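FYI, it's all coordinate maths here, none of it is from the lab. All values reported here derive from a predicted model rather than from experimental measurement. All Cβ positions, even for glycine, are placed from backbone atoms using ideal geometry, and neighbour counts span all protein chains on display.
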Amino acid sequence: MILFVVPAFIIVVAVQFYPLAYSAFLSVTDWVLTESQTPKGFVGLENFAKELSDETFRRSVRNSVYITGGALALQMTLGICLAYLTMGSSWRMRAIRTLLILPMVIAPVAAGTLWRILLNSRAGLVNHVLSVIGIKGPEWLAHPDWAIVSVILLDTWQWTPFVLLVVGAAIASIPDDLLEVAAIDGASRWQTFLYVELPLLMPLLLLTLVFRMLESLLSLDSIYSLTFGGPGYSTYTLTYYIYTLGLRSFNFGAAAASSWIFMVFASLSIGLVFWYQRRDW
Amino acid sequence: MQLGEGLAKQAMKRQRSVKQRALALAHGFILCIACLVVLIPLAYLVINSVKLPREFLTVPPTILPSAVTFEHYRDLFEDSKTLRHFRNSFTVTLWTTGITIICGTLAAYGLARMRLAAKILAGVTFVFLFIRFYPRVTTVIPYFLVMRELDLLDTVWAIIIGQLGITIPFVTWLMLVVFQDLPREIEEAAVVDGASVPQRFWRVVLPIVMPSVSAAAILTAFLSWNEFLIASSVARRKASVLSIAVAGFVSDKGIQWGPMAAMSVVMILPMIVFALFAQRYLIRGITFGAVKG
Amino acid sequence: MKKAILFLLILTLLLPAGALAQDMPHAGAEVVTNFMQSGTYDVGAEQLEAGFEEATGIELEIVASPFVVLVQNNITDLATGTGEFDVISGDFWIGSVWGQMHPLDDFIERDMWGGSFIEGLTKQGPSAYFDGKRIGIPYSADAYGLIYRTDIFEEAGISADWETWDDFIAVLGELEMHLEGTDIAPNVFAFGASEQAAAIFLGMYDSYLVDADGNYALDHDEAIASLNQLKSLLDYNPEGATGLSIDEANSVFLTGKAATMICWVSFVRAAAQDPDASLVVDNWATATFPGPGFPFLSAWNLFISGYSENPEAAWEWIKYYITEDEAKRRFVELGVGSPFLSTYEDPELIEQYSHDFPAMVANLNRAETVPWIFAAFEVFFRHMSEFIIGAATAEETLEATLTDWAELEVPEGLVQSAMAQGQMQEG
């Protein structure tokens, strides 16, 4: 049995172990590549302390919370609704489902640029459509708050399909007799959903939620091409911040420390899923 | 009296059918809107790719261009690099998906059947997921150095191996849940027949979980095809892929909208065709095994 | 017959091989050169690839990367001593690795190499130097510029002869009165492309960028005054200018909706004269970029990596790529600003670009680069962008910038460049 696990283990751990261990080492080291070619020395937890009190770091965390929070709320709700609305195996429903998952397959870089032109306040399609129905569209990408909304919209557009896909599959696998029993007992459609389906779906929804949350927090390409983190620091997310530190400023120590702070949070989230799944194990 | 009751019932029925019809109408309307929200941006991308440069950023936006030009596409395909990007993207996606599915599925099966203590199993899965979600931005430079030592810089293998670090943990996790849900009785019959472990896996288990494997493969392929960060840090020229090419239209002085739109269309098209083809596997395969009757 | 053909074939294959040994001292060497993937510099190089390989026997490999990836690759490559690239395309953005470049003085002297470079571009700053040695040679030149509508100016009886931003803003005031009631704005600038506004700031700001101790700094009063003056331009811009990207701002000018525009001239030059793309054909000209600061310069240099195994062969490529003829050709065909005076004195081109060239050359001669690494620039333009959208005051902007700058070190090469360009505080 162990032989089955070995290849995956070798690839994942061997190839990723060194970079990870190295980044752990970097997080307690003072090293800015543009200042010196070799690490300047051990600084203990100074990088962590510095990051946690850094104004830009805090602001990026705040932005991340707004963006991911908003995007998750929207895409989970929309995804679940659409999953129910596209239930069934008629060719029409199958076609609609296929169509609805398309945004997911687009490269984030391309999606970001596409929405950048769609959300352009003067020459963009979105404000044009709004003006046709008599609404003066906002400065989507130039106003700090609307820029956050724009990023949320992009994430929702691109990833609601994922929720739809997973939840749709889960609903389809709920045994029909369960629902029939509920119907015979005189439960309304809403009651059936609330008391029969939702509890069954709960572990899966939680899993999807955590998965999407971490993915959304990590997304970089799309924000880069949609808002470039701007205007100013308005859509500077934690990942964007780490990216700037690491690959634009080459401040490896700070980038590694920020990443590990992120991983503490990620670990807690993964732990939550485990705790929920434990009943199965 | 009886007649009256009958009429009342009929009236109720009619009322309900009106309500049902209204509901159906609303249902259709919502789905219509959803489809439009998905389709219009995509259509606009295609329109942009055949627009003349002067019709970008006009106020109001040019929805139907005055003339259709294929110059962006022509430029794209006259450039020998496009073909190379395509070939590399295909190679990377194919290998990443193939290796991920084989290693991930095997590992998940092994883990599920090893009768490990729950804590150890949780530990292993946790390590995998930790690696999956660690911000790649921080590890690309150390990873670059590793690839340099292995003399793999600017090869598709540098990209593939880098992506495997993301995809294998994910697929292992996904399949682990699937295998844990699979009743052991199914295999026990095969054990009685004297089948070895590989035989059991190949003949009995794999056919059952095939839809999930397909779903995992499709999701892996999407990710691999679109991945940018790892590719851009280890690929230069020979191994450059489509996602890097798309980003190349953003320069320090602005964006080349037309060529970028054309390149995006070219990049998205194979994935859309693939998604259309693979859609039914996707829906059948992803359950994460989390729903049980 | 068959044999004869075979013989001929072998002969033709051998002939160049024989020639190699005599006239091609670097034959068989490999040179890897990188460029920004922009459809201009890189394409210009690709067009030369076959000719260069044939002429020198050197195997050339051109690597084109997106702008951000290029900077990232160059710094990683040099700072880690990887040595993937022989010839490196860059400028002050990679100032932190200038110390690892191969000095070019010996090559230049030996080959008595040179050309009619615009004088300002050969100075330290536009041309990269490290420890007094030349390490980079500019192959493109583009200064931040100012273009205006000649027809509108004539109609209003205003002449475009400003020297300072105060003068220019006074002109904008006159234009505003003249244009009242039309939908034409006195000025347009891509305020929405947040990294661009620094160029105007540098034109207004007349003091040091690096303090006497060699740290990133700005003079308080000068900086505050410049920030406020920068923001006052918004009064003369179209509504919602804080959201305009470069392409949009250009399109505002090209569709005749602005009387002046602050921009990279190379980005509009061709389009503005193309009747299909522009409504202002023959009705615009380039003007002096106002002072007392300097026009921000974009001048890509070619460097030879200190880790190159073939610096001689690399130098052959630089000589092949940076020539007056090629620079002119790249200007005409690809719109790349030329670093050579000969391009701007070419009789044919002068006729075609009489509205553009004189001021352009004057601006290029005054143009300077900045001693900022990416991290320093990032901090500055983001805080400035917060200021422009009204989320911070000038004082807050300056303070936040200085706080963040305190964490950064100015690389040695950029301190030297700042000193040479008079951007250093006198101690």
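The phi torsions of region A:16-25, fed into the Karplus equation with coefficients 6.51, -1.76 and 1.60 and a -60° offset, translate into couplings of 8, 4, 4, x, 5, 4, 4, 5, 5, 4 Hz, rounded to whole numbers, with Gly and Pro shown as x. Note on region C:219-282 and region A:99-168: Cα centroid distance 27 Å, given to the nearest whole angstrom.
Please sort A:31-38, B:257-264, C:407-414, C:330-337 by packing, taking for each peptide the average over its residues of neighbouring beta carbons within 10 angstrom, highest first. Don't skip to the answer; put the middle values down first.
Numbers: A:31-38: 17.4, B:257-264: 24.4, C:407-414: 21.2, C:330-337: 19.8.
The packing order, highest mean first, is B:257-264, C:407-414, C:330-337, A:31-38.
Our coupling estimate for region A:63-72, obtained by passing each phi through the Karplus curve with A = 6.51, B = -1.76, C = 1.60 and θ = phi - 60°, is 4, 4, 5, 4, 5, 5, x, x, 5, 5 Hz, Gly and Pro reported as x.
The mean count of C-beta atoms from other chains within 10 Å of the C-beta of residues in B:49-62, rounded to a whole number, is 5.
Where does chain B land on the Kirkwood hydrodynamic radius, alpha-carbon pairs, in angstrom?
Kirkwood hydrodynamic radius for chain B: 23.3 Å.
For peptide A:131-142, how many partner chain Cβ atoms fall within 10 Å of a residue's Cβ, on average? Don't skip to the answer; put the middle values down first.
Working: counts 1, 1, 0, 0, 0, 0, 0, 1, 5, 1, 3, 12.
What the average comes to for A:131-142 is 2.
Below 8 Å, C-alpha to C-alpha, sequence gap of six or more: please give me the relative contact order for chain C in percent.
Values: 763 pairs, mean separation 112.1, N = 427.
Reported as a whole number, the value is 26 percent.
Placing +1 on each Lys and Arg Cβ and -1 on each Asp and Glu Cβ, with no other charges, gives the protein assembly as shown a dipole about its Cα centre of roughly 6920 debye.
Taking one quarter of the surface of the convex hull spanned by the alpha-carbon atoms of region A:66-280 gives a direction-averaged projected area of 15.1 nm². Relative to the longest principal axis of the Cα atoms of chain A, the long axis of helix A:252-277 lies at roughly 30 degrees.
Note on the protein assembly as shown: antiparallel DSSP beta bridges, both residues inside, total approximately 65 percent of the bridges counted. For C:Trp284, the residues whose amide H sits under 5 Å from its own are C:Thr150, ignoring neighbours fewer than 5 places away on the same chain, with H placed 1.01 Å from N. For C:Asp219, nonlocal amide neighbours, meaning residues 5 or more places apart or on other chains whose placed amide H falls under 5 Å from its own, are C:Tyr208. Each residue of region B:173-180 is assigned a 3J(HN,Hα), and the resulting list reads 4, 4, 6, 4, 4, 4, 5, 5 Hz, derived from the Karplus form 6.51 cos²θ - 1.76 cosθ + 1.60 (θ = phi - 60°), x at Gly and Pro.
Among C:275-285, B:58-68, how do they line up by average Cβ neighbours within 10 Å per residue, starting with the highest? Don't skip to the end; give the middle numbers.
Details: C:275-285: 16.5, B:58-68: 13.2.
Descending mean neighbour count gives C:275-285, B:58-68.
Arranged from fewest to most other beta-carbon atoms within 10 Å of their beta carbon, C:Asp211, C:Asp151, C:Asp161 become C:Asp161, C:Asp151, C:Asp211.
Out of the chymotrypsin sites (Phe, Trp or Tyr not before Pro) in region C:42-136, which ones are loop residues according to DSSP with at most 16 other C-beta atoms within 10 Å? The partial results should precede the final answer.
Numbers: sites: C:Phe52, C:Phe67, C:Phe85, C:Phe92, C:Trp93, C:Trp98, C:Phe107, C:Trp113, C:Phe117, C:Tyr129, C:Phe130; in loops: C:Phe85, C:Trp113.
Hits after loop and neighbour filter: C:Trp113.
Please determine, in degrees from 0 to 90 and to the nearest 10, the orientation of helix A:91-100 with respect to the longest principal axis defined by the Cα atoms of chain A, where the helix direction is its Cα long axis. In chain A, helix A:91-100 runs at an angle near 20 degrees to the longest axis. Students often forget the sequence filter, so: which aspartates and glutamates lie under 15 Å Cα-Cα from C:Lys133 once same-chain residues fewer than 8 apart are removed? Within the straight-line limit of under 15 Å, C:Lys133 reaches these aspartates and glutamates: C:Asp105, C:Asp106, C:Glu109, C:Glu412. DSSP beta bridges fully contained in chain C are about 60 percent antiparallel. In this simple spin-label model, placing a label point 7 Å from the Cα along the Cα-to-Cβ direction at both B:Met210 and C:Gln352 gives a separation of 6.4 nm. The mean number of partner chain beta-carbon atoms within 10 angstrom of a residue's beta-carbon across peptide A:199-210 is 3. Annotation: peptides C:365-373, B:27-35, ranked by per-residue average of other Cβ atoms within 10 Å with the highest first, follow the order C:365-373, B:27-35. Rg then Dmax, both in Å and based on the Cα atoms of the protein assembly as shown: 31.0, 119. Remark on C:Phe130: its backbone amide H falls under 5 Å from those of C:Ile135, a criterion applied only to residues 5 or more positions apart or on other chains, H modelled at 1.01 Å from N. Over chain C, DSSP H runs of length four or greater, each weighted -39,500 (n - 2.57), average out per residue to a 222 nm ellipticity of -13500 deg cm²/dmol.
Per-residue ellipticity at 222 nm for chain B, helices alone: DSSP H runs ≥ 4 residues times -39500 (n - 2.57), over residue total, nearest 500 deg cm²/dmol? Write down the numbers at each step before the final one.
Working: 11 runs with 216 residues, N = 293.
The helix contribution divided over chain B gives -25500 deg cm²/dmol.
The GNM of chain A, with springs linking C-alpha atoms under 10 angstrom apart, assigns the highest mean-square fluctuation among A:Ala257, A:Ala111, A:Ala170 to A:Ala170.
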